[in-house]
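S.K.: A single structure is presented below for examination.
The values are calculated or read from the model by the stated rules, or taken from the named source; none is laboratory data. Computed from a predicted model, the values in this text were never measured in an experiment. Please note: Cβ atoms are built from the backbone with ideal geometry, for glycine as well, and neighbour counts cover all protein chains shown.
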Amino acid sequence: MHTTQMKWIAAIVPAICIGLFEFARHEFLHVISMDWGNVLVAVLTGIIFMLFSHGIFTLMENLYGKLQQEKQETAVLQERYRIARNLHDSIAQSLFFMNVKIMDIERACQNRQEPWTAIKDLREAIRFADTELRQHIFALQTVAAEDNIDLIAAMQDHLRQYETQTGTKVNLAITCAKKIPFSSYERKQLFHIFQELLFNIRKHAAATQVNVSLSEQSEAFTLSIADNGKGFVAAENLRQKKSFGYKLLEQDIQSIEADLQLVSIPGAGTTVTVTKKKKKELPS
């Protein structure tokens with residue numbers, strides 16, 4: 001049922017019902033008293049209104065459920081696309097580089113030259129591919145099957161794994177309640193954003209230290225991630241917006257109606273702040 005049809009039904013059905021009851025009350029006024037007629041009309045009108053409201057709200061709940069399901073399916077497709085792109089950018093390119101180095105080693109052996117430089121490069125490529133693959137596997141396992149994610153606990157586990165894998169020093173400051181007041185979908189998206197930001201630091205920043213802050217004000221929740229890496233010209237990067245990872249990050253940010261602020265200085269690191277406003281509670 002379309003929204004237009006719902007509007008017409010909501011306007012016409014109550015009017016028709018009330019008109020019929022008024023007609024019935026006047027038609028059978030000689031059978032029952034005026035007072036009992038008013039009571040009967042009120043009761044019948046209330047029953048019809050309850051049935052009508054129940055039908056409308058059931059329809060709205062079904063439509064909302066379908067909308068949420070479509071949003072989740074879209075999020076899953078976007079996540080698969082992101083993972084596929086990351087695998088292409090890291091694992092596939094590493095395998096290509098390994099193949100080139102193996103050819104260099106074969107050529108050096110055939111020409112009776114020293115292959116140690118190529119072997120060293122090959123060993124480094126294997127180490128890099130192993131780290132990348134483990135990181136992707138961990139990202140998939142973290143919240144793949146959990147519907148009601150504990151956001152802070154998931155972030156803490158991810159940071160411990162990140163510190164172990166990369167050797168980067170991680171500092172975590174938490175000044176918010178343990179239970180983040182957002183929906184399951186919003187918490188999942190916040191965690192995906194958190195993962196993507198750390199992945200970009202590991203891939204591009206060459207940082208030795210990362211400071212993560214989780215804070216909560218009366219109106220908003222804030223996630224801040226700062227690194228001491230090489231940084232970049234943020235304004236130019238934001239104008240171009242050609243990065244695949246940045247586009248996906250923007251989509252995740254927009255899907256939960258959050259705000260993203262990025263401050264970066266070449267040679268002095270980058271700070272990314274994600275702010276998600278809380279829903280205002282209606283006064284009781």
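S.K.: Checking the condition surrounded by 13 or more Cβ atoms within 10 Å (Cβ to Cβ), out of contact with any strand residue (DSSP E or B) (no Cβ under 9 Å at 6 or more places or on another chain) and either part of a helix (DSSP H, G or I) or at pLDDT 75 or above (or both), which residue from GLY65, GLY46, GLY37 passes?
M.R.: Working: GLY65 fails: surrounded by 13 or more Cβ atoms within 10 Å (Cβ to Cβ); GLY46 fails: surrounded by 13 or more Cβ atoms within 10 Å (Cβ to Cβ).
One residue alone meets the criteria, GLY37.
S.K.: As an exercise: evaluate ARG134 against (1) modelled with pLDDT of 90 or more; (2) in a helix (DSSP H, G or I); (3) over 17 Å from the mean Cα position of the chain (by Cα) and give the number of the one condition it does not meet.
M.R.: (1)
S.K.: LYS247 is checked against (1) modelled with pLDDT under 85; (2) in contact with a strand residue (DSSP E or B) (Cβ under 9 Å, 6 or more places away or on another chain) and fails just one. What number does that condition carry?
M.R.: (2)
S.K.: Being within 24 Å of LEU87 (Cβ to Cβ) and buried (at least 19 other Cβ atoms within 10 Å of the Cβ) is the filter; apply it to region 203-227 and report the residue that is farthest from the chain's Cα centre (by Cα).
M.R.: Here is the first cut: in region 203-227, the ones within 24 Å of LEU87 (Cβ to Cβ) are 203-207, 210, 225, 227.
Restricting the remaining residues to those that are buried (at least 19 other Cβ atoms within 10 Å of the Cβ) gives 205, 207, 210, 225, 227.
On the way: ALA205: 23, ALA207: 25, VAL210: 22, ILE225: 17, ASP227: 22 Å.
Top of the filtered list is ALA207.
S.K.: Does region 218-230 hold any residues that are out of contact with any Asp or Glu (no Cβ under 8 Å at 6 or more places or on another chain) and modelled with pLDDT of 85 or more, and which are they?
M.R.: We begin by selecting, within region 218-230, every residue out of contact with any Asp or Glu (no Cβ under 8 Å at 6 or more places or on another chain); these are 218-221, 223-230.
Matches in region 218-230: ALA220, PHE221, LEU223, SER224, ILE225, ALA226, ASP227, ASN228, GLY229, LYS230.
S.K.: Can you confirm whether region 191-211 contains a residue that is part of a loop (DSSP other than H, G, I, E, B) and modelled with pLDDT under 90? Give the steps one after another, and end with the answer.
M.R.: First, the residues of region 191-211 that are part of a loop (DSSP other than H, G, I, E, B): 206-208.
Still in the running and modelled with pLDDT under 90: 206.
Within region 191-211, one or more residues are part of a loop (DSSP other than H, G, I, E, B) and modelled with pLDDT under 90.
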